[in-house]
Structures are given as structure tokens and as C-alpha cells.
Amino acid sequence: MTSPIVVPRPAATVILARDTNDGIEVFMVQRTTEVVFAKGMHVFPGGGLDPTDHHDEIASLCVGLTDATASNALGIDKGGLAYWIAAIRECFEEAGLLLGYRHDNELVQLAEHEALRLSDLRSALAENKITFVDVLKAEQFRVATDKIAYYSHWITMPGRPKRYDTRFFVAQAPVGQVAKQDDYETVGHRWIRPADAIEKSRLGEIDLMFPTIKTLESLARFATVQDLLDYARTPKPKQLMAPRTGTGRDGKPEILIPGDYAYAELGKIDAAGVGVGKTYIEPGVAVEIAPNVLRVTASNPGMMTGPGTNSYLIGNHDTGIAVIDPGPPLAEHIDALLKAARGSIKWILCTHTHLDHSPATLELKARTGATVYGMPPPPYPNQDQTFAPDVKVTHQQALQVAGATLRVIHTPGHASNQVCYLHETERLMFTGDHIMQGSTVVISPPDGNMATYLASLRLLFDEKIDFLAPGHGFLMDKPTEAVERILVHRQDRENKVVAALRTFKQPVSLEELVPVAYKDTAEKLHKVAMRSLFAHLQKLVEEQRVVFANERWLLKH
Ligand SMILES: [Zn+2]
């Protein structure tokens, strides 16, 4: 029996930070081993939202924030203010630190007699005899909701018995207050530099949960509390951090976050978070990435091919099988394709004819009699001249193969004959090398063309696509964002090329220009970068911004 996915409970956490001569320190409490969740762990103060956090009465005691502005900041319709209140309430309950204003509008600083009185109120609150509003009213305090800033959003992964939908906040530590654990849920506390906390966890001296480690890593970037607050207050959507788990190379579960290569794929092939997906690509092993769609990766990993070239098999016994990109002519890979196919291979489709994508077509066609689709190879030595399609595909042609409609999108740029195939019902696009995961696609003139490439990227904005299935790497989600990232990256590189050209008063050769324009790139990649640099220069020449003569380039002023 499969257990239902647990709905995450809304929660709030606050990271109190203070400046020291050695960078910022953050406040952490240690949870007791008597609790179910995060037993004995070091955490930031926080916890689940309480029904009282939603009351109108407490909302009226919040400074500088309404439910509308708070909800807007969190990207929810309503109820946002309760997260701010919960963060401040939990901080008071667990650590005795109160982010509040006194009746004279000064921030709460606790003289000894006040601290004692508040300590009694805190005990009564812990025993549920009074509410947080009662505490505030007794002291004529208001909640300093203007002093904490929304920092990040984490959701516990599926498959866990307790799940939280947690908003993290950051704040300057209140001055003139001394923390004290509640000796109930929390048994200790400390101020610690984020990097030191990570190191202690590595050494096994303290226990940290995965989101805490990742949060500490992100906090280690900030030199001062002001930097941290400025970052948090910059209006921008926060990346939802919803970790996912898969099986790593060592056979053990591995936790991934957005940005990790296998992250999007795990969400698609293992929505329940059972851990059946793998966090690595294993050559020759079929992975079902969508209903009736398998990926089999060739064992040709490398600098230009990532984990290896992906071949995709679409269809089943009833429909017959279509293979997209049979890959390099490796006998073991062709055998793996034939073995993985859940039916007879009737169609072979190629995205382009670089030597790692199409050469196995010859052998696979010989062994299956399949019909070959694609565009013929352009006349260059890095192209597979054995590739001879039975059907020459054209832009926007709809192919009915293997029970699916695959629409051809001609996307020249990486190669002049590069096409993508869009599986319309799965909203899944097989991109070949138009977009690959984890590295920049090489644009190598004369067949490659930068301006054409950028125009072809924009073609994808017109299509309904949920996932990209690249020629190299895992499934990628959010195609629009992926394309925008590439466009920004290319523009950024072009700016660097122009800036590099500007440093030369005389016409300059590729060899002289590459170390300047690609000084942020490892030197061993400069030879490959030279091809893309050439492509950028060609675009600038086409735009008449750069003059080219005698193998040298000069920026027009
Ligand atoms: Zn290619």
C-alpha cells in the first residue's frame, strides 16, 4: 500500500544575525531529543503557524506591514502576515528574544525586572494559559514585523512523515536582550558564524538538517547583517526550495535542490518522492522519462558530450518504436537501444548530424529496416556524411510516428540542420544540441551561426512545452526560463567580447582575444571557446559593429 502524500504544514523560521569583527553570526537553538521532529538538531527558532497568528487583534499590533503587503511578498493570496507573526512568536517562545516595539516606539530592550516579568509571561504562553496577544497587551508591546525580512521558502520533500511549508525570515538580532532556551523544546543555544556551523556539522559535533545546511551556506556569502537584509529586501520572487531525493551513485539516497541537474527529472518521474529516480546518468540503462518515452545514454562521456549522448525511444509494442538520435556508432549502444525497445523500431529521427548524434543510424537501419528522418548533413568534416534520410523533414512538419505527433521545429544555429522534435501530447521537446544541460552549446562557424542560434532560441517561446529532453543531460523544466538564461548568458558574453576588443587599439587575432574575452573561463576550455568567440565576432561583423580583415578584428568606434 502506498501512503498518501502528507500535506505540508505552514511554518515560519527567523534567522537572527549580528555583526562581529569576523563576519556575521547567526542564532541557533538546539532542539531537545524528546521531540519527534528535528530531534537534537541545531535549528533557527521557528515552528508551525498557530491559529492565533491569524487573529485580527494581533494584526492590528503589527508595525509597518498589513496582511495584503505580507501576502504579496510571499506570493500568496492572503494570510501572509501570520507567517511574520509566527516567526516572531516562535523566536520569543523558544529563545526568549522579542522583536517588538515598546509603547514609546523604542525597540524592546529588556532591563532585568522587565526580563523577569516577560519570562513569567513566556512560561504562561508555553503552557497555553495565555496567547501571544496577551503577552503583547500586558507589556503594551507591538510586533516589529517591519524588522524582519522574507528570505527563503522551503518545503519538506514528499515521502517524509512530517512536512513543513516554511518561510524563512532574517532580522538584526535585538539589542539588549539575552537569549534563553525554553528548556522544553530547546535545550541550548549559540551564536555562530555560518561557516563554523557547517564545519561543526561536517565534523559531527552538531546535527543540522539539510535545509539548515543549505541556508547556512547561503548566509556565509554575506559580510554584514546590512548586506543580508538588503539582499532579502530586494523585491524579487524567491526560488522555492523543495528538496527531492533520488538514488546516488553509491546506492544511497541523495537530496537535491533546484539547480541540481537531476532535480527537475526526479520531480517528473517520481512525484511521490519514493526515491526511485537516479541522481546520475548511467550509460546503457533505460530511464522512463514520460509514458512510452525512454532515454538510453551512450557511453561517450566527455567535455563536449557531458554524461554522453542521449537516445530516446518513443512508443510500445502496439505503436512500434521511434528512436531519436541513435548516437555514436558504438556496438554496445546500438545493442542497448534494441534491448530497451518495447516493440520493433520503425522510425529513426535525427536532430542533427554531428558525429555524436547520428552515425549509429546506418547500423540501426540495417538491423531494423526503419525509415530515417532528418535533414541531410552540411558539407563539413565534423558532420556525419553517412547520414542519408529517407524523409527530409521541414520546419513545422507534423510527423505521426510511434503513436505520437512529433512536430519538427527547425532551429539552426548550433548546426544548420539542427531540428527539435516536439512531442505534442507530452509537451516534451527533444532538443538535440539546440539546448543542452549544464554547459554552453558550442556555436562553430561556418556551419554554426550565433545570430541564427539566438533567433532559433526565441522560436521556443511560441511553443507549449513543459520539459526539454536534451541531447546531453537530464530532463529540464521551465523551458522559458532556460531559454531566457541562455539569451542573457550569450548577451553577457557578447558584452565581454566587445569590452575585450575595446582594450586593443589595433586589429587583433582570435588567439590574442580569447584570453581577454574568456578570462572568466578555465584556460583548458579556451580552444573550444575560440570557436564560440569566432561566432560572436561573426555576428558583430554582420551587425557592422566590428571590422574583419586579414584574420584580425577591430571594433568600430
Ligand atoms: Zn551537436
Worksheet item: So what's the back-of-envelope 222 nm ellipticity for the chain, counting only DSSP H runs of four-plus at -39500 (n - 2.57) apiece and dividing by all residues, rounded to 500?
Response: -9000 deg cm²/dmol
Worksheet, complete the sentence: Row for segment 79-141, column shape: gyration tensor on C-alpha, a ≥ b ≥ c, rounded if a/c < 1.5 i.e. under 1.5, prolate if a/b over b/c, else oblate; value oblate
Response to the item:
Percent relative contact order for segment 282-477, counting Cα pairs under 8 Å at least six residues apart, stands at 16 percent
Worksheet, complete the sentence: Reduced to Cα centres, the span from segment 415-446 to segment 53-97 in Å works out to 46 Å
Discussion item. Highest mean first, how do 265-275, 347-357, 126-136, 521-531 rank when packing is the count of other Cβ atoms within 10 Å averaged over residues?
Written reply: 347-357, 265-275, 126-136, 521-531
Worksheet item: If the cut-off is 21 Å between C-alpha atoms, which lysines fall inside it for LYS556, apart from same-chain ones fewer than 8 positions away?
Response: LYS496, LYS505, LYS539
Worksheet entry | Efficiency of FRET from Cβ geometry, ALA124 and ALA272, R₀ 51 Å, rounded to 0.05 | 0.75
Item to complete: Take HIS489, HIS189 and order them by how many other Cβ atoms sit within 10 Å, fewest up front.
Response: HIS489, HIS189
Worksheet, complete the sentence: Non-local residues with an amide H under 5 Å from the amide H of SER311, with H modelled 1.01 Å from N and Pro and chain starts lacking one, are VAL296, THR297, ALA298
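Less than 14 Å Cβ to Cβ from HIS489, Lys/Arg counted +1 and Asp/Glu -1: what total charge do the surrounding residues give?
With Lys, Arg at +1 and Asp, Glu at -1, the neighbours total -1.
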Worksheet item: Tilt of helix 210-219 relative to the longest C-alpha principal axis of the chain, in degrees (0 to 90, nearest 10)?
Response: 90 degrees
Worksheet entry | the chain - charge dipole about Cα centre, Lys and Arg +1 at Cβ, Asp and Glu -1, debye rounded to 20 | 1220 debye
Worksheet item: Per the Kirkwood formula on distinct C-alpha pairs, the Rh of segment 253-301 is how many angstrom?
Response: 11.6 Å
Worksheet item: For segment 458-500 and segment 190-260, what is the separation of their C-alpha centers, rounded to whole Å?
Response: 27 Å
Worksheet, complete the sentence: Looking only at lysines whose Cα falls under 20 Å of LYS464's and that sit 8 or more positions away or on another chain, we get LYS268, LYS478
Worksheet entry | Mean separation of Cα contacts under 8 Å (6+ apart) over length of the chain, as relative contact order % | 9 percent
Item to complete: Work from the charge dipole of segment 282-477 (Cβ charges, +1 for Lys and Arg, -1 for Asp and Glu, about the Cα centre) and give the residue of GLN437, THR319, LEU362 farthest towards its positive end.
Response: THR319
Response to the item:
Ordering 235-245, 465-475 by per-residue average of other C-beta atoms within 10 angstrom, highest first, gives 465-475, 235-245
Practice prompt. Please state, rounded to one decimal and in Å, the Kirkwood hydrodynamic radius that the chain gives when every pair of distinct Cα atoms enters the mean of 1/r.
Written response: 27.1 Å
Fill in: Rh by Kirkwood over Cα pairs, then Stokes-Einstein D for segment 327-457 at 1.567 mPa s and 4 °C, µm²/s
85 µm²/s
Practice prompt. Select from segment 10-98 those GluC sites (Glu not before Pro) which occupy a DSSP coil region and have at most 15 other Cβ atoms within 10 Å, ordered by residue number.
Written response: GLU34
Discussion item. What percentages make up the Cα-Cα pair-distance distribution of segment 488-555 when the bins are 5 Å wide from 0?
Written reply: 4, 18, 33, 28, 13, 4, 0
Worksheet item: If you take the square roots of the eigenvalues of the alpha-carbon gyration tensor of segment 9-241 and sort them as a ≥ b ≥ c, do you get rounded (a/c under 1.5), prolate (a/b over b/c) or oblate?
Response: rounded
Practice prompt. Work out from phi, with θ = phi - 60° and the Karplus expression 6.51 cos²θ - 1.76 cosθ + 1.60, the ³J(HN,Hα) of each residue of segment 476-482, listed in order in whole Hz, and give x for Gly and Pro.
Written response: 10, 9, 6, x, 4, 5, 4
Worksheet, complete the sentence: Honestly segment 1-96 on the Cα gyration tensor test (a ≥ b ≥ c root eigenvalues; a/c under 1.5 rounded, otherwise a/b vs b/c for prolate or oblate) is just oblate
Worksheet entry | Tilt relative to the chain, helix 331-340 - C-alpha long axis, 0 to 90 degrees, to 10 | 60 degrees
Worksheet item: Just for the chain, what percent of DSSP beta bridges are antiparallel, to the closest 5?
Response: 70 percent
Response to the item:
In order over segment 381-391: 3J(HN,Hα) from phi, Karplus 6.51/-1.76/1.60, θ = phi - 60°, whole Hz, x for each Gly or Pro, gives x, 8, 10, 7, 6, 7, 7, 10, x, 6, 10
Practice prompt. Run the dipole for segment 488-555 about the Cα centre, Lys and Arg Cβ at +1, Asp and Glu Cβ at -1, nothing else charged, and hand back the magnitude in debye, nearest 20.
Written response: 80 debye
Worksheet item: Separation of segment 303-327 and segment 132-154 by C-alpha centroid, Å?
Response: 56 Å
Practice prompt. Per residue of segment 10-18, in order, report the coupling 6.51 cos²θ - 1.76 cosθ + 1.60 (Karplus, θ = phi - 60°) as ³J(HN,Hα) in whole Hz, putting x for Gly and Pro.
Written response: x, 8, 9, 9, 10, 9, 8, 10, 9
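Just so you know, all these numbers are worked out from the coordinates, no wet-lab data involved. The structure displayed is predicted, hence computed values, not measured ones. Neighbour counts run over all protein chains shown; Cβ positions are idealised from the backbone, glycine included.
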